[in-house]
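J.: Quick one: the structure is below, questions incoming.
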Amino acid sequence: MDVLWASYGHEVTGRDVAEALPAYAYTTIATVLNRLSRKGAVRRHVEGRTARFSAIGTEVDRAAAAMREALEDSGDRDAALGRFVRTITPDEAATLRAALEHRPRRRTARGSRPRGA
């Protein structure tokens, strides 16, 4: 994925990825790219006999999705968020605070803010 993220917005061939990762066989790279395509992490576009691949989203998008998934899987969102916040640096806390201040507010059907928002 690092090779695809570095080429974000452009398509690359399996051969391009294999050249960037010489420790891996081309067939291994092709298999992984095809599996990532089936999982929806990579877009696959075929031209003749050549398949071209591009990342769906950026590395930051993937990290955000992973954090969201971990939160959903935690079983206790409030506790997980509380524990996470106690591990971040003051600069990270400031970034989080700024992001929360600039996010659009969601409203419920009655016009009140939903719990936890």
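J.: Scan region 87-113 residue by residue and report those that are surrounded by 10 or more Cβ atoms within 10 Å (Cβ to Cβ) and at pLDDT below 55.
T.: 113
One line per residue, one yes/no per condition, for (1) outside the structural domain of residue 96 (by TED's automatic domain parsing); (2) surrounded by 13 or more Cβ atoms within 10 Å (Cβ to Cβ); (3) within 12 Å of the chain's Cα centre (by Cα):
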site: 10; (1), (2), (3): yes, no, no
site: 14; (1), (2), (3): yes, yes, no
site: 20; (1), (2), (3): yes, yes, no
site: 29; (1), (2), (3): yes, yes, no
site: 36; (1), (2), (3): yes, yes, no
site: 41; (1), (2), (3): yes, yes, yes
site: 46; (1), (2), (3): yes, no, no
site: 51; (1), (2), (3): yes, yes, no
site: 63; (1), (2), (3): no, no, yes
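J.: Determine whether residue 53 is aromatic (Phe, Trp, Tyr) and touching a strand residue (DSSP E or B) at 6+ places or on another chain (Cβ under 7 Å). Break it down stepwise before answering.
T.: Working: aromatic (Phe, Trp, Tyr): yes; touching a strand residue (DSSP E or B) at 6+ places or on another chain (Cβ under 7 Å): yes.
Here the answer is yes, as residue 53 does meet what is asked.
J.: Hey, could you check region 65-77 for residues that are among the small types (Gly, Ala, Ser) and more than 30 Å from residue 44 (Cβ to Cβ) and say which is surrounded by the most Cβ atoms within 10 Å (Cβ to Cβ)?
T.: Among residues in region 65-77 that are among the small types (Gly, Ala, Ser) and more than 30 Å from residue 44 (Cβ to Cβ), the one surrounded by the most Cβ atoms within 10 Å (Cβ to Cβ) is 74.
J.: Test residue 80 against the stated conditions and say whether it is surrounded by 12 or more Cβ atoms within 10 Å (Cβ to Cβ) and modelled with pLDDT of 90 or more.
T.: So residue 80 passes the test.
The values are calculated or read from the model by the stated rules, or taken from the named source; none is laboratory data. This is a predicted model, so every value here is computed, not measured. All Cβ positions, glycine included, derive from the backbone under ideal geometry; neighbour counts span all protein chains shown.
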